[in-house]
Amino acid sequence: MRTLETTFAGLSLKNPVIVSSSSLTDNAEKNKQLCEAGAGAVVLKSLFEEQILQEVEGMEDFDPFVMGGNDLTEYFRHHKLEEYFALIRDTKRMVDIPVIASINAYDEGNWTEFAQKIEAAGADALEINILALQTSLDYQYGAFEKRHIDILKLVKKAVKVPVIMKLGDNFTNPVALIQQLYANGADGVVLFNRFYPTDINIDKVEQCAGNAFTTEADLSKSLRWTGIASAAVGNISFAVSGGVHNAAGVVKSILAGASAVEVCSAIYLKGNGIIKEMTDGLAEWMDSHTMDNIPMFRGMLNMHDRNEGINTFERTQFLKYYGQFKK
Ligand SMILES: Cc1cc2nc3c(=O)[nH]c(=O)nc-3n(C[C@H](O)[C@H](O)[C@H](O)COP(=O)(O)O)c2cc1C
């Protein structure tokens, strides 16, 4: 009997299509609809410390004589956090799939306390994203990797639920980092988070936002690193995020070594119906390739045997392949 069930970071999912953290998942009613549309799990919109602070600074009626700046920051931090805990509780009440909370941590701040409260509110797992550009001239090589490990250690001490690390794509060697994350207790990794896209408007001669959404072409980067890292660090779960737009993207991600995919742009662009298209397409592919379950083909095309076939995951230069592109 063919089944789409999978296990990601210790969570049992009815299928591998997880709705990725974004405003798609910022309220309980939307999460219920995503669940009804067939999602295997949802990752709630991230709680950003930066955003809490910005909201406080943006308050027009902020009167420093009535309430001190620090008190007000504390008040709004509390309020924002309570809102987030309510999102977890309400979503948990309305869905029967795993609910993964998400925090954006950019320093060691108060995240351990928040993590404990997130767990107490009922989240089934906690995803941490530490997405940030490293641009300082004084940057010490390895400092950003170390920040990931330090935050992970603090959070692991605080909670019992699985902890998932969502990585940016700005690491020299994600494989070595993932090995360290595994050694320090991470249950899963997501490859990759997406930086806010930037562009330049040449008519107005000013900076502007780029396209918020990915295309299928973005999948290649996640496939490469999932294919390499899942062979090297076999005991941690992988989810692909970035460029999964259809059932083929789900199948490719699993063949590369992922246990699940986190999907965002495709749902924004095509609506919740794409979730069922993905799971139906996955089931069809499994039937036509006589695969009864996900573990049968998870990682089948990862880097586990570097001597066989064409190793495109580790190929960086085009070399002789330039020959194909004659004008
Ligand atoms: C509008 C928008 C909002 C997002 N918000 C978050 C967020 O709050 N936290 C997070 O970890 N990722 C966030 N992301 C990144 C997505 O979760 C996802 O990792 C990324 O878009 C790549 O997946 P995709 O190709 O399916 O879009 C956001 C993406 C978009 C487009």
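The values are calculated or read from the model by the stated rules, or taken from the named source; none is laboratory data. Computed from a predicted structure; not experimentally measured. Cβ atoms come from the backbone with ideal geometry, glycine included; neighbour counts cover every protein chain shown. Surface areas here come from the heavy atoms of the whole protein model, side chains and all, with no ligands, DNA or RNA. Shrake-Rupley method; radii C 1.70, N 1.55, O 1.52, S 1.80 Å.
For residue 183, the stated conditions do not hold, so it cannot be described as buried (at least 18 other Cβ atoms within 10 Å of the Cβ) and small (Gly, Ala, Ser).
State whether the residues of segment 193-215 include one that is on the phi > 0 side of the Ramachandran plot and in contact with an Asp or Glu (Cβ under 8 Å, 6 or more places away or on another chain). No, that holds for no residue. Taking the criterion of being more than 13 Å from the ligand (Cβ to nearest atom) and open to solvent by less than 10 Å² (accessible area, probe 1.4 Å), the residues of segment 16-33 that qualify are 16, 31. Scanning segment 194-232 for residues that are within 26 Å of residue 128 (Cβ to Cβ), more than 14 Å from the ligand (Cβ to nearest atom) and not β-branched (Val, Ile, Thr) yields 224, 227, 229, 230, 231, 232. Within segment 177-193, the set of residues being among the aromatic types (Phe, Trp, Tyr) and near the ligand (Cβ under 9 Å from one of its atoms) comprises just one member, 192. Looking across segment 233-271, the residues that are closer than 18 Å to residue 162 by Cα, more than 10 Å from the ligand (Cβ to nearest atom) and not β-branched (Val, Ile, Thr) come down to 234, 235, 237, 238, 258, 259, 260. If the condition is being surrounded by 15 or more Cβ atoms within 10 Å (Cβ to Cβ) and hydrophobic (A, V, I, L, M, F, W, C), then segment 136-150 contributes 144, 149. Among residues of segment 206-217 that are within 18 Å of residue 193 (Cβ to Cβ) and open to solvent by 50 Å² or more (accessible area, probe 1.4 Å), none has a Cβ under 8 angstrom from a residue that is among the small types (Gly, Ala, Ser) and assigned to a strand (DSSP E or B) at a sequence gap of 6+ or on a separate chain. In the set (1) in contact (Cβ under 8 Å) with a residue 40 or more places away in the chain; (2) within 19 Å of residue 21 (Cα to Cα), residue 229 fails one condition alone, (2). Here residue 88 passes the criteria (1) at pLDDT below 95; (2) open to solvent by less than 10 Å² (accessible area, probe 1.4 Å) except the one numbered (1). Of a type in the set (Gly, Ala, Ser), farther than 26 Å from residue 316 by Cα, within 16 Å of the ligand (Cβ to nearest atom) and at pLDDT 95 or above: is that true of residue 283 in this structure? Spelling it out, it is not the case that residue 283 is of a type in the set (Gly, Ala, Ser), farther than 26 Å from residue 316 by Cα, within 16 Å of the ligand (Cβ to nearest atom) and at pLDDT 95 or above. Scanning segment 218-236 for residues that are among the hydroxyl-bearing types (Ser, Thr, Tyr) and open to solvent by less than 20 Å² (accessible area, probe 1.4 Å) yields 222, 226, 230. Answer with yes or no whether residue 126 is within 14 Å of the ligand (Cβ to nearest atom) and modelled with pLDDT of 90 or more. Yes, satisfied. When segment 124-144 is filtered for residues that are under 21 Å from the mean Cα position of the chain (by Cα) and without any contact (Cβ under 8 Å) to a residue 40 or more places away in the chain, the ones remaining, listed by number, are 126, 128, 130, 132, 134, 144.
Considering only residues of segment 251-277 that are over 24 Å from residue 315 (Cβ atoms) and of a type in the set (A, V, I, L, M), which is most open to solvent (accessible area, probe 1.4 Å)? So, considering only residues that are over 24 Å from residue 315 (Cβ atoms) and of a type in the set (A, V, I, L, M), the one most open to solvent (accessible area, probe 1.4 Å) is 269.
I'd like the full set of residues that are at pLDDT 95 or above and either open to solvent by 10 Å² or more (accessible area, probe 1.4 Å) or closer than 21 Å to residue 195 by Cβ (or both), limited to segment 102-123. Residues satisfying the conditions are 102, 119, 120, 121, 122.
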